Amino acid sequence: MKRSLIFLLLLTFVHCGKDLSPFGGEPEVTTLKSRLKPEWPNPNWKVVSPESVGVSSSKLGLVEEYAFTRTGDEADRKGRRTDALVILRNGKLIYEKYARNFSEDKVHLTWSVSKSILQTMYGIAVKQGLVKLDDPGYYHYEPLSRDEAHKKITIRHLLNMSSGLAAEEGYESGPLKSSVIAMLYTRGRKDMGTFCSGLPLRAEPGTQVYYSSCDTNILSAILKKVYGAEEYDKLPFEKIFKPLGITNVTFERDGSGTYVGSSYLYMTAKDLAKIGYLYLNDGIWNGERLLPEGWVQFTRTPAPGYKTTPYSEDLAEDNYTAHWYANTGVPERGIHEPWPDAPKDTFAGLGHWGQMLYVIPSLDLIIVRFGDDREKAFIKNDFLKLVKESVIR
(Lines give C-alpha, C1' and ligand atoms only; values in the text may rest on other atoms or scores of the structure.)
Protein backbone atom coordinates (compact mmCIF):
# COMPACT_ATOMS: atom_id res chain seq x y z
CA MET A 1 0.00 0.00 0.00
CA LYS A 2 2.77 2.40 0.96
CA ARG A 3 4.74 1.63 -2.25
CA SER A 4 1.62 2.16 -4.35
CA LEU A 5 0.99 5.53 -2.71
CA ILE A 6 4.58 6.66 -3.32
CA PHE A 7 4.36 5.55 -6.97
CA LEU A 8 1.07 7.42 -7.41
CA LEU A 9 2.53 10.61 -5.95
CA LEU A 10 5.58 10.38 -8.22
CA LEU A 11 3.41 9.76 -11.25
CA THR A 12 1.22 12.74 -10.40
CA PHE A 13 4.26 14.98 -9.99
CA VAL A 14 5.75 13.91 -13.29
CA HIS A 15 2.56 14.39 -15.27
CA CYS A 16 1.68 17.78 -13.79
CA GLY A 17 4.78 19.70 -14.75
CA LYS A 18 6.92 17.79 -17.20
CA ASP A 19 6.79 17.29 -20.92
CA LEU A 20 6.92 13.55 -21.56
CA SER A 21 7.10 14.03 -25.32
CA PRO A 22 10.17 13.06 -27.38
CA PHE A 23 10.76 16.71 -28.21
CA GLY A 24 12.06 17.90 -24.83
CA GLY A 25 11.31 20.80 -22.52
CA GLU A 26 9.71 21.31 -19.13
CA PRO A 27 6.70 23.63 -19.41
CA GLU A 28 5.07 25.12 -16.36
CA VAL A 29 1.63 24.11 -17.63
CA THR A 30 -0.01 20.73 -17.38
CA THR A 31 -0.23 18.34 -20.29
CA LEU A 32 -2.87 19.26 -22.85
CA LYS A 33 -6.10 17.47 -21.97
CA SER A 34 -7.96 15.32 -24.47
CA ARG A 35 -11.21 16.95 -25.55
CA LEU A 36 -14.25 14.70 -25.52
CA LYS A 37 -16.03 14.46 -28.89
CA PRO A 38 -14.80 17.72 -30.39
CA GLU A 39 -17.09 19.22 -33.01
CA TRP A 40 -15.38 19.77 -36.37
CA PRO A 41 -16.15 22.41 -39.01
CA ASN A 42 -17.50 20.67 -42.10
CA PRO A 43 -16.09 22.74 -43.69
CA ASN A 44 -17.64 25.78 -41.98
CA TRP A 45 -17.91 26.51 -38.29
CA LYS A 46 -21.25 25.93 -36.58
CA VAL A 47 -22.64 29.27 -35.40
CA VAL A 48 -24.28 29.40 -31.95
CA SER A 49 -25.26 32.05 -29.42
CA PRO A 50 -22.57 32.93 -26.86
CA GLU A 51 -24.87 32.00 -23.95
CA SER A 52 -25.36 28.47 -25.31
CA VAL A 53 -21.67 27.77 -24.61
CA GLY A 54 -21.34 29.76 -21.39
CA VAL A 55 -20.28 33.17 -22.67
CA SER A 56 -21.97 36.49 -21.90
CA SER A 57 -23.10 38.48 -24.94
CA SER A 58 -23.05 41.70 -22.95
CA LYS A 59 -19.48 41.12 -21.86
CA LEU A 60 -18.51 40.24 -25.42
CA GLY A 61 -19.80 43.72 -26.17
CA LEU A 62 -16.95 45.08 -24.04
CA VAL A 63 -14.50 42.96 -26.06
CA GLU A 64 -15.94 44.43 -29.25
CA GLU A 65 -15.78 47.95 -27.88
CA TYR A 66 -12.12 47.52 -26.99
CA ALA A 67 -11.18 45.93 -30.31
CA PHE A 68 -13.10 48.11 -32.75
CA THR A 69 -13.28 51.57 -31.15
CA ARG A 70 -10.86 53.79 -33.04
CA THR A 71 -8.55 55.56 -30.62
CA GLY A 72 -6.26 57.54 -32.91
CA ASP A 73 -5.87 59.44 -36.15
CA GLU A 74 -6.94 57.24 -39.06
CA ALA A 75 -4.94 59.23 -41.60
CA ASP A 76 -1.75 58.69 -39.60
CA ARG A 77 -2.68 55.06 -38.80
CA LYS A 78 -2.63 55.68 -35.07
CA GLY A 79 -4.49 53.89 -32.30
CA ARG A 80 -6.27 50.53 -32.34
CA ARG A 81 -7.10 49.43 -35.88
CA THR A 82 -8.86 46.05 -35.89
CA ASP A 83 -9.72 44.49 -39.27
CA ALA A 84 -11.28 41.22 -38.07
CA LEU A 85 -12.15 39.45 -34.84
CA VAL A 86 -13.35 35.85 -34.59
CA ILE A 87 -13.99 33.96 -31.32
CA LEU A 88 -14.86 30.28 -30.96
CA ARG A 89 -15.77 28.29 -27.88
CA ASN A 90 -16.14 24.51 -27.71
CA GLY A 91 -15.48 24.40 -31.45
CA LYS A 92 -18.41 26.71 -32.28
CA LEU A 93 -18.38 30.24 -33.67
CA ILE A 94 -19.81 32.71 -31.16
CA TYR A 95 -18.53 36.04 -32.46
CA GLU A 96 -17.23 37.57 -35.70
CA LYS A 97 -16.91 41.11 -36.96
CA TYR A 98 -14.96 42.83 -39.73
CA ALA A 99 -13.91 46.41 -40.50
CA ARG A 100 -11.88 48.50 -42.94
CA ASN A 101 -13.27 46.76 -46.03
CA PHE A 102 -12.41 43.26 -44.79
CA SER A 103 -14.99 40.47 -44.79
CA GLU A 104 -15.26 36.82 -43.88
CA ASP A 105 -14.04 35.74 -47.34
CA LYS A 106 -11.21 38.24 -47.75
CA VAL A 107 -7.73 36.98 -46.92
CA HIS A 108 -5.48 39.06 -44.69
CA LEU A 109 -1.70 39.11 -44.44
CA THR A 110 -0.82 37.22 -41.27
CA TRP A 111 2.76 38.48 -41.12
CA SER A 112 4.65 36.43 -38.52
CA VAL A 113 1.73 34.17 -37.70
CA SER A 114 3.08 32.56 -40.88
CA LYS A 115 5.94 31.28 -38.72
CA SER A 116 3.52 29.19 -36.66
CA ILE A 117 2.17 27.52 -39.80
CA LEU A 118 5.75 26.86 -40.97
CA GLN A 119 6.18 25.10 -37.62
CA THR A 120 3.11 23.02 -38.47
CA MET A 121 4.87 21.96 -41.68
CA TYR A 122 7.77 20.77 -39.54
CA GLY A 123 5.39 18.76 -37.39
CA ILE A 124 4.28 16.97 -40.57
CA ALA A 125 7.88 16.32 -41.63
CA VAL A 126 8.82 14.99 -38.17
CA LYS A 127 5.79 12.68 -38.13
CA GLN A 128 6.79 11.36 -41.55
CA GLY A 129 10.28 10.61 -40.23
CA LEU A 130 11.97 12.90 -42.74
CA VAL A 131 13.69 15.12 -40.19
CA LYS A 132 14.56 15.04 -36.50
CA LEU A 133 14.73 18.10 -34.29
CA ASP A 134 18.36 17.53 -33.38
CA ASP A 135 19.53 17.06 -36.95
CA PRO A 136 22.20 19.63 -37.79
CA GLY A 137 20.74 21.89 -40.44
CA TYR A 138 23.64 21.30 -42.82
CA TYR A 139 22.72 17.60 -43.07
CA HIS A 140 19.86 18.76 -45.26
CA TYR A 141 20.96 22.21 -46.46
CA GLU A 142 24.45 22.84 -47.80
CA PRO A 143 24.61 26.64 -47.16
CA LEU A 144 24.80 25.91 -43.41
CA SER A 145 28.04 23.95 -43.91
CA ARG A 146 30.12 27.08 -44.49
CA ASP A 147 32.22 26.48 -41.33
CA GLU A 148 32.33 24.34 -38.20
CA ALA A 149 30.44 26.95 -36.15
CA HIS A 150 27.48 27.00 -38.54
CA LYS A 151 27.45 23.21 -38.65
CA LYS A 152 26.38 23.21 -34.98
CA ILE A 153 23.03 24.83 -35.81
CA THR A 154 20.24 22.26 -35.50
CA ILE A 155 16.63 22.29 -36.59
CA ARG A 156 15.65 22.60 -32.92
CA HIS A 157 17.82 25.69 -32.56
CA LEU A 158 16.15 27.28 -35.58
CA LEU A 159 12.64 26.48 -34.34
CA ASN A 160 13.52 27.89 -30.91
CA MET A 161 14.93 31.10 -32.44
CA SER A 162 18.28 30.15 -30.92
CA SER A 163 20.46 29.67 -34.01
CA GLY A 164 23.03 32.19 -32.81
CA LEU A 165 23.04 33.90 -36.23
CA ALA A 166 23.68 37.64 -36.06
CA ALA A 167 20.38 38.77 -37.59
CA GLU A 168 18.88 42.19 -36.93
CA GLU A 169 15.07 42.00 -36.71
CA GLY A 170 14.20 45.66 -37.14
CA TYR A 171 11.66 47.21 -39.48
CA GLU A 172 10.77 50.82 -38.72
CA SER A 173 13.31 50.95 -35.89
CA GLY A 174 16.42 50.22 -37.93
CA PRO A 175 15.96 49.88 -41.70
CA LEU A 176 19.58 50.66 -42.56
CA LYS A 177 21.05 47.78 -40.57
CA SER A 178 18.04 45.47 -40.63
CA SER A 179 18.74 41.99 -41.99
CA VAL A 180 15.01 41.28 -42.21
CA ILE A 181 14.45 44.22 -44.57
CA ALA A 182 17.46 43.16 -46.64
CA MET A 183 16.12 39.59 -46.71
CA LEU A 184 12.56 40.49 -47.68
CA TYR A 185 13.07 43.43 -50.02
CA THR A 186 16.64 43.89 -51.26
CA ARG A 187 19.75 41.72 -51.52
CA GLY A 188 18.25 38.62 -49.89
CA ARG A 189 14.92 38.36 -51.66
CA LYS A 190 16.12 36.12 -54.49
CA ASP A 191 17.12 33.35 -52.07
CA MET A 192 16.33 34.12 -48.45
CA GLY A 193 17.65 30.87 -47.00
CA THR A 194 21.08 31.29 -48.57
CA PHE A 195 21.23 34.96 -47.59
CA CYS A 196 20.44 34.18 -43.96
CA SER A 197 22.80 31.21 -43.77
CA GLY A 198 25.62 33.58 -44.72
CA LEU A 199 25.21 35.69 -41.59
CA PRO A 200 27.98 35.39 -38.99
CA LEU A 201 27.27 34.00 -35.53
CA ARG A 202 26.67 36.25 -32.53
CA ALA A 203 26.42 33.36 -30.04
CA GLU A 204 26.91 29.61 -29.67
CA PRO A 205 23.89 27.89 -31.26
CA GLY A 206 21.25 27.03 -28.67
CA THR A 207 22.45 29.47 -26.01
CA GLN A 208 20.62 32.71 -26.89
CA VAL A 209 17.02 33.41 -27.83
CA TYR A 210 16.79 36.11 -30.49
CA TYR A 211 13.64 36.51 -32.56
CA SER A 212 14.68 36.24 -36.20
CA SER A 213 12.78 35.83 -39.45
CA CYS A 214 16.04 34.49 -40.88
CA ASP A 215 15.76 31.36 -38.72
CA THR A 216 12.32 30.71 -40.19
CA ASN A 217 13.33 31.09 -43.81
CA ILE A 218 16.33 28.82 -43.35
CA LEU A 219 13.88 26.25 -41.99
CA SER A 220 11.68 26.73 -45.06
CA ALA A 221 14.68 26.23 -47.35
CA ILE A 222 15.64 23.07 -45.46
CA LEU A 223 12.16 21.64 -46.04
CA LYS A 224 12.47 22.26 -49.77
CA LYS A 225 15.69 20.21 -49.83
CA VAL A 226 14.15 17.47 -47.70
CA TYR A 227 11.01 17.06 -49.83
CA GLY A 228 12.28 18.10 -53.24
CA ALA A 229 10.69 21.00 -55.10
CA GLU A 230 7.54 19.20 -56.32
CA GLU A 231 6.49 17.66 -52.98
CA TYR A 232 7.52 20.80 -51.11
CA ASP A 233 5.21 22.87 -53.31
CA LYS A 234 2.29 20.67 -52.28
CA LEU A 235 3.22 20.26 -48.61
CA PRO A 236 1.19 23.03 -46.89
CA PHE A 237 -1.74 22.67 -49.27
CA GLU A 238 -2.06 18.88 -49.29
CA LYS A 239 -0.98 18.09 -45.73
CA ILE A 240 -2.45 21.04 -43.79
CA PHE A 241 -4.91 23.22 -45.68
CA LYS A 242 -6.77 20.46 -47.54
CA PRO A 243 -7.46 18.27 -44.46
CA LEU A 244 -8.68 21.36 -42.57
CA GLY A 245 -10.96 22.47 -45.40
CA ILE A 246 -8.95 25.63 -46.12
CA THR A 247 -9.13 26.63 -49.80
CA ASN A 248 -8.79 30.41 -49.81
CA VAL A 249 -5.12 30.89 -48.99
CA THR A 250 -2.02 32.45 -50.56
CA PHE A 251 1.57 31.59 -49.59
CA GLU A 252 4.17 33.79 -51.27
CA ARG A 253 7.66 32.60 -52.25
CA ASP A 254 11.07 34.16 -52.70
CA GLY A 255 12.95 34.26 -56.01
CA SER A 256 14.17 30.68 -55.56
CA GLY A 257 10.65 29.28 -55.07
CA THR A 258 10.93 28.88 -51.28
CA TYR A 259 7.89 29.75 -49.18
CA VAL A 260 8.47 32.95 -47.20
CA GLY A 261 7.54 31.19 -43.98
CA SER A 262 8.50 34.19 -41.88
CA SER A 263 5.94 36.60 -43.21
CA TYR A 264 3.83 36.10 -46.32
CA LEU A 265 0.91 33.77 -45.68
CA TYR A 266 -2.57 35.22 -46.35
CA MET A 267 -5.66 33.61 -44.77
CA THR A 268 -9.18 34.46 -43.65
CA ALA A 269 -9.80 34.82 -39.92
CA LYS A 270 -12.08 31.79 -39.72
CA ASP A 271 -9.58 29.62 -41.60
CA LEU A 272 -6.74 30.68 -39.32
CA ALA A 273 -8.97 29.64 -36.42
CA LYS A 274 -8.82 26.11 -37.85
CA ILE A 275 -5.05 26.08 -37.30
CA GLY A 276 -5.70 27.03 -33.67
CA TYR A 277 -8.31 24.29 -33.38
CA LEU A 278 -5.84 21.72 -34.71
CA TYR A 279 -3.47 22.67 -31.89
CA LEU A 280 -6.24 22.81 -29.30
CA ASN A 281 -6.95 19.18 -30.22
CA ASP A 282 -3.31 18.12 -29.79
CA GLY A 283 -2.61 17.88 -33.52
CA ILE A 284 -5.65 15.73 -34.31
CA TRP A 285 -8.21 16.74 -36.95
CA ASN A 286 -11.49 14.92 -37.37
CA GLY A 287 -10.07 11.79 -35.80
CA GLU A 288 -6.81 11.78 -37.79
CA ARG A 289 -3.50 12.64 -36.14
CA LEU A 290 -1.73 15.18 -38.38
CA LEU A 291 1.01 16.20 -35.94
CA PRO A 292 3.12 13.78 -33.90
CA GLU A 293 2.30 13.07 -30.27
CA GLY A 294 4.03 15.62 -28.06
CA TRP A 295 4.32 18.24 -30.80
CA VAL A 296 1.78 20.61 -29.28
CA GLN A 297 3.46 20.30 -25.89
CA PHE A 298 6.74 21.19 -27.59
CA THR A 299 4.90 24.13 -29.14
CA ARG A 300 3.87 25.39 -25.69
CA THR A 301 7.31 25.07 -24.08
CA PRO A 302 9.56 28.17 -23.79
CA ALA A 303 12.83 27.88 -25.67
CA PRO A 304 15.61 26.29 -23.55
CA GLY A 305 17.96 29.09 -24.63
CA TYR A 306 16.21 31.48 -22.23
CA LYS A 307 18.24 29.88 -19.44
CA THR A 308 21.51 31.26 -20.86
CA THR A 309 20.39 34.37 -22.75
CA PRO A 310 21.72 37.60 -21.20
CA TYR A 311 18.83 39.26 -19.38
CA SER A 312 17.21 42.40 -20.76
CA GLU A 313 13.80 44.03 -20.48
CA ASP A 314 13.07 43.08 -24.09
CA LEU A 315 13.73 39.42 -23.24
CA ALA A 316 10.95 39.52 -20.66
CA GLU A 317 8.31 40.81 -23.11
CA ASP A 318 7.58 37.42 -24.70
CA ASN A 319 7.77 33.72 -23.89
CA TYR A 320 8.99 32.42 -27.23
CA THR A 321 8.66 28.67 -27.75
CA ALA A 322 9.03 26.88 -31.10
CA HIS A 323 7.70 29.50 -33.53
CA TRP A 324 4.76 30.14 -31.16
CA TYR A 325 4.43 32.05 -27.86
CA ALA A 326 3.59 30.75 -24.38
CA ASN A 327 2.19 32.44 -21.26
CA THR A 328 4.10 30.42 -18.69
CA GLY A 329 6.93 32.76 -17.86
CA VAL A 330 10.46 31.53 -17.27
CA PRO A 331 10.65 31.78 -13.47
CA GLU A 332 14.30 30.80 -13.13
CA ARG A 333 15.24 33.85 -15.22
CA GLY A 334 12.78 36.22 -13.58
CA ILE A 335 10.72 36.37 -16.77
CA HIS A 336 7.01 36.78 -16.05
CA GLU A 337 3.98 35.80 -18.09
CA PRO A 338 3.43 38.28 -20.95
CA TRP A 339 -0.37 38.25 -20.38
CA PRO A 340 -0.79 37.88 -16.60
CA ASP A 341 -4.58 38.32 -16.70
CA ALA A 342 -5.01 35.48 -19.21
CA PRO A 343 -4.97 31.80 -18.26
CA LYS A 344 -1.46 30.48 -17.90
CA ASP A 345 -2.02 27.81 -20.55
CA THR A 346 -2.71 30.40 -23.25
CA PHE A 347 -0.45 30.09 -26.28
CA ALA A 348 -0.35 32.08 -29.49
CA GLY A 349 0.88 32.80 -32.98
CA LEU A 350 1.59 36.53 -33.30
CA GLY A 351 2.49 38.81 -36.17
CA HIS A 352 3.52 42.33 -37.08
CA TRP A 353 0.96 45.15 -36.84
CA GLY A 354 -1.46 43.23 -34.62
CA GLN A 355 -2.04 39.78 -36.15
CA MET A 356 -3.04 37.32 -33.40
CA LEU A 357 -4.07 33.70 -33.04
CA TYR A 358 -4.76 32.70 -29.42
CA VAL A 359 -5.45 29.20 -28.14
CA ILE A 360 -6.71 28.90 -24.55
CA PRO A 361 -7.19 25.20 -23.67
CA SER A 362 -8.56 25.74 -20.15
CA LEU A 363 -11.39 27.90 -21.52
CA ASP A 364 -11.77 25.97 -24.80
CA LEU A 365 -11.33 29.22 -26.71
CA ILE A 366 -9.84 30.15 -30.08
CA ILE A 367 -9.40 33.86 -30.86
CA VAL A 368 -8.24 35.36 -34.16
CA ARG A 369 -7.65 39.08 -34.48
CA PHE A 370 -6.35 40.82 -37.61
CA GLY A 371 -5.31 44.45 -37.53
CA ASP A 372 -3.16 47.25 -38.82
CA ASP A 373 -1.69 48.66 -35.62
CA ARG A 374 1.23 51.00 -36.22
CA GLU A 375 1.78 51.77 -32.55
CA LYS A 376 1.32 49.84 -29.32
CA ALA A 377 -2.25 50.89 -28.64
CA PHE A 378 -3.79 47.40 -28.69
CA ILE A 379 -2.72 45.92 -25.34
CA LYS A 380 -2.87 42.14 -25.57
CA ASN A 381 -3.28 41.58 -21.84
CA ASP A 382 -6.17 44.05 -21.56
CA PHE A 383 -7.89 42.42 -24.53
CA LEU A 384 -7.42 38.86 -23.21
CA LYS A 385 -8.66 39.91 -19.76
CA LEU A 386 -11.93 41.10 -21.30
CA VAL A 387 -12.31 37.87 -23.27
CA LYS A 388 -11.67 35.79 -20.15
CA GLU A 389 -14.21 37.79 -18.17
CA SER A 390 -16.85 37.11 -20.82
CA VAL A 391 -16.75 33.38 -19.96
CA ILE A 392 -19.38 32.82 -17.28
CA ARG A 393 -19.25 29.02 -17.05
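The values are calculated or read from the model by the stated rules, or taken from the named source; none is laboratory data. All of these numbers come straight from a predicted model, not from anything done at the bench. When we count neighbours, we look across all protein chains shown, and the Cβ atoms used for this are built from the backbone with ideal geometry, even at glycine. All accessible areas refer to the heavy atoms of the entire protein, side chains included, with ligands and DNA or RNA removed. Shrake-Rupley method; radii C 1.70, N 1.55, O 1.52, S 1.80 Å.
When you scan segment 165-177, do you find a residue that is of a type in the set (A, V, I, L, M, F, W, C) and part of a helix (DSSP H, G or I), even just one? Among the residues of segment 165-177, not one is of a type in the set (A, V, I, L, M, F, W, C) and part of a helix (DSSP H, G or I), which makes the answer no. Which residues, taken from segment 129-159, are open to solvent by less than 50 Å² (accessible area, probe 1.4 Å), out of contact with any Pro (no Cβ under 7 Å at 6 or more places or on another chain) and closer than 24 Å to Tyr306 by Cα? Those that are open to solvent by less than 50 Å² (accessible area, probe 1.4 Å), out of contact with any Pro (no Cβ under 7 Å at 6 or more places or on another chain) and closer than 24 Å to Tyr306 by Cα: Leu133, Asp135, Pro136, Gly137, Leu144, Ala149, His150, Ile155, Arg156, Leu158, Leu159. Among Glu28, Glu74, which is acidic (Asp, Glu), at pLDDT below 75 and either loosely packed, with under 12 Cβ neighbours inside 10 Å or under 30 Å from Leu158 (Cα atoms) (or both)? None of the other options fit; the residue is Glu28. Residues satisfying the criterion are present in segment 117-137 (criterion: farther than 16 Å from Cys196 by Cβ, hydroxyl-bearing (Ser, Thr, Tyr), modelled with pLDDT of 95 or more and in contact with a helix residue (DSSP H, G or I) (Cβ under 8 Å, 6 or more places away or on another chain)).
Looking at Tyr358, Tyr279, Tyr311, just one residue is over 17 Å from Leu85 (Cα atoms), touching a residue at least 12 places away in the same chain (Cβ under 8 Å) and outside any loop (DSSP other than H, G, I, E, B), and that residue is Tyr279.
Condition check ((1) open to solvent by 10 Å² or more (accessible area, probe 1.4 Å); (2) modelled with pLDDT under 95; (3) over 13 Å from the mean Cα position of the chain (by Cα)) across all residues:
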{"residue": "Trp324", "(1), (2), (3)": "no, no, no"}
{"residue": "Ala348", "(1), (2), (3)": "no, no, no"}
{"residue": "Leu357", "(1), (2), (3)": "no, no, no"}
{"residue": "Leu363", "(1), (2), (3)": "yes, no, yes"}
{"residue": "Ile379", "(1), (2), (3)": "yes, no, yes"}
{"residue": "Val387", "(1), (2), (3)": "no, no, yes"}
{"residue": "Arg393", "(1), (2), (3)": "yes, yes, yes"}
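Filtering segment 289-308 to residues that are in a loop (DSSP other than H, G, I, E, B) and basic (Lys, Arg) leaves only Arg300. Name every residue in segment 206-235 that is out of contact with any strand residue (DSSP E or B) (no Cβ under 7 Å at 6 or more places or on another chain) and assigned to a loop (DSSP other than H, G, I, E, B), in order of residue number. Once the filter is applied, which keeps residues that are out of contact with any strand residue (DSSP E or B) (no Cβ under 7 Å at 6 or more places or on another chain) and assigned to a loop (DSSP other than H, G, I, E, B), segment 206-235 yields Gly206, Thr207, Gln208, Tyr210, Gly228. Here Pro302 clears all of (1) over 21 Å from Ile153 (Cα atoms); (2) open to solvent by 10 Å² or more (accessible area, probe 1.4 Å); (3) under 18 Å from the mean Cα position of the chain (by Cα); (4) modelled with pLDDT of 90 or more except the condition numbered (1).
Residue count for segment 285-296 satisfying the condition of being open to solvent by 10 Å² or more (accessible area, probe 1.4 Å), in contact (Cβ under 8 Å) with a residue 24 or more places away in the chain and not charged (D, E, K, R): 5.
Of everything listed in (1) over 16 Å from Pro338 (Cβ atoms); (2) surrounded by fewer than 19 Cβ atoms within 10 Å (Cβ to Cβ), the single unmet condition for Leu278 is (2). Total residues in segment 287-301 satisfying the condition of being under 17 Å from Ala322 (Cα atoms) and among the aliphatic types (A, V, I, L, M): the figure is 2. Sort out which residues of segment 162-208 are in contact (Cβ under 8 Å) with a residue 40 or more places away in the chain, open to solvent by 20 Å² or more (accessible area, probe 1.4 Å) and of a type in the set (Ser, Thr, Tyr), and write them in order of number. Across segment 162-208, the qualifying residues are Tyr171, Thr194, Thr207.
Hey, does segment 84-103 have a residue that's open to solvent by 10 Å² or more (accessible area, probe 1.4 Å), part of a loop (DSSP other than H, G, I, E, B) and under 28 Å from Glu293 (Cα atoms)? So far as segment 84-103 goes, yes, one or more of its residues are open to solvent by 10 Å² or more (accessible area, probe 1.4 Å), part of a loop (DSSP other than H, G, I, E, B) and under 28 Å from Glu293 (Cα atoms).
When restricted to residues that are open to solvent by 30 Å² or more (accessible area, probe 1.4 Å), in a helix (DSSP H, G or I) and of a type outside the set (A, V, I, L, M), segment 37-65 contains 8.
Taking the criterion of being closer than 21 Å to Thr268 by Cα and modelled with pLDDT of 95 or more, the residues of segment 42-59 that qualify are Asn44, Trp45, Lys46, Val47, Val48. In segment 334-342, the condition of being open to solvent by less than 20 Å² (accessible area, probe 1.4 Å), under 15 Å from the mean Cα position of the chain (by Cα) and within 29 Å of Lys37 (Cα to Cα) is met by no residue.
Okay, residues lined up against (1) at positive phi; (2) open to solvent by less than 40 Å² (accessible area, probe 1.4 Å):
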{"residue": "Ser212", "(1), (2)": "no, yes"}
{"residue": "Asn217", "(1), (2)": "no, yes"}
{"residue": "Glu231", "(1), (2)": "no, no"}
{"residue": "Val249", "(1), (2)": "no, yes"}
{"residue": "Glu252", "(1), (2)": "no, no"}
{"residue": "Tyr259", "(1), (2)": "no, yes"}
{"residue": "Leu265", "(1), (2)": "no, yes"}
{"residue": "Gly283", "(1), (2)": "yes, yes"}
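If we scan segment 6-17, do we find a residue that is under 30 Å from Pro331 (Cα atoms), at pLDDT below 95, under 21 Å from the mean Cα position of the chain (by Cα) and exposed (fewer than 11 other Cβ atoms within 10 Å of the Cβ)? Scanning segment 6-17 turns up no residue that is under 30 Å from Pro331 (Cα atoms), at pLDDT below 95, under 21 Å from the mean Cα position of the chain (by Cα) and exposed (fewer than 11 other Cβ atoms within 10 Å of the Cβ). Scoring Ala182 on the criteria (1) of a type outside the set (D, E, K, R); (2) within 21 Å of the chain's Cα centre (by Cα); (3) in a helix (DSSP H, G or I) leaves a single failure, condition (2).
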